[in-house]
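What follows is a single structure, written as structure tokens, with notes after it.
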Amino acid sequence: MSFLKFLSNAGEIFKGGEASILFFPFILSMSVLLIAYRLKFFRFPYIKPPFKLSFGYPVLLFLIYLGTSFVILPLIFFLLSFFITGQIKGYTSFSAEMIYWLNLLGILIVFGLLVGFCFTIRRDVRLHIFWGRIKKRSFSVLIKSFLMGVLTLVICYPLMALVNEVAGLISLEIWGERGVSQVAVKSLDQAWEYPLLFIFLSLSVVVLVPIIEEVAFRGFLQTWIRRYFGRMGAIIFVAAIFALVHFSISQGRGNFELILSLFVLAFFLGFIYERETTLWAPIGLHVVFNAVTVSVLFLEHLSETVQGLSIH
């Protein structure tokens, strides 16, 4: 497909009924962004020269994450398969429930190693990552920053919906299909039939995963990149990396929609980190965003269960 033909086809997407689908999210997102702009939400505070973070910190942190994913967890799988079957086998030797429990174990291992890592590094580095240049560190400041992250979700969510809808219509026009669940959401969806597992996975997705990802991406990686590309450059660069990290072959063409939507979310995660200069703000945004996703999934399954009981 030539570029001109693509533009021609893309133009057809926004005619007729499709345009009406985009009208409400466009008006809502633009209105919310305009109000936020008028309230001076998009202003950065004045900050002295950036904190000089050694490149070794983000490298070690991502080595912990990669080591857990590609060394520790596979080793646990192999050892368990050997004790259960007497042979070294892969994922296929376990039930779906066992695989989900082991994935949960992986999240717990990464979180534990992350906590240990943060307490072994220099105190000034740790304080800067979590508190920025705020000198008065207290629980009330933490809550205020967390709530600012929650408020940011109200600002960015309509824009995410708009971007997702536009990407979905383009995907529908090019490939004839759209929409796919993220791998993590799909796993959580499939874990519904195991109540205890679903509860623990939900808690990990809402609480642990946001902390892990924000410490890694916004805390260490963005702080390091800021030295070389400035605040806005670091926000965009890390947002792109964050979105691409969530690419998965199993998501197929749905990666197009997911990556664009996650880029918008990651941009605001990076922005609110720079604006508030504390990690508690992006953690607040990330926690509430994941909580909304899990709540929608829970309500969908609950509705299906109630309908099933009413039929019987």
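Label zone of V115 (point 7 Å out along Cα→Cβ, amide N under 11 Å): in the range 186-228 this covers no residue at all. Cα centroid separation, the range 120-135 to the range 248-292: 23 Å. By the combined test of axial Cα extent (at least 24 Å) and Kyte-Doolittle hydropathy (mean at least 0.0), the qualifying DSSP H helices of the chain come to 17-38, 96-120, 139-175, 255-276, 280-311. For the set K52/K144; K52/K136; K135/K186, the pairs lying more than 30 angstrom apart at their alpha carbons are K135/K186. Consider the candidate values [x] 19.3, 57; [y] 21.5, 67; [z] 19.9, 63; state which one is Rg and Dmax of the Cα atoms in Å computed from the structure displayed. Here Rg and Dmax of the Cα atoms in Å agrees with entry [y]. For the chain, the relative contact order works out to 28 percent when only alpha carbon pairs closer than 8 Å and six or more residues apart are counted.
Of the residues S202, I109, G179, the one whose Cα sits farthest towards the positive end of the charge dipole of the range 25-311 is I109 (charges of +1 on Lys and Arg Cβ, -1 on Asp and Glu Cβ, taken about the Cα centre).
Mean-square fluctuations from a GNM of the chain, with a 10 angstrom spring cutoff on Cα atoms, peak among V115, V205, V215 at V115. If you run the Gaussian network model on the chain, springs between alpha carbon atoms under 10 Å, then out of P45, P282, P25 the most flexible one is P45.
Every number here is computed from the coordinates shown, using simple stated rules; none is lab data. Nothing here was measured: the structure is a model prediction, and the numbers come from that model. Cβ sites come from the backbone with ideal geometry, for glycine too, and all protein chains shown count toward neighbours.
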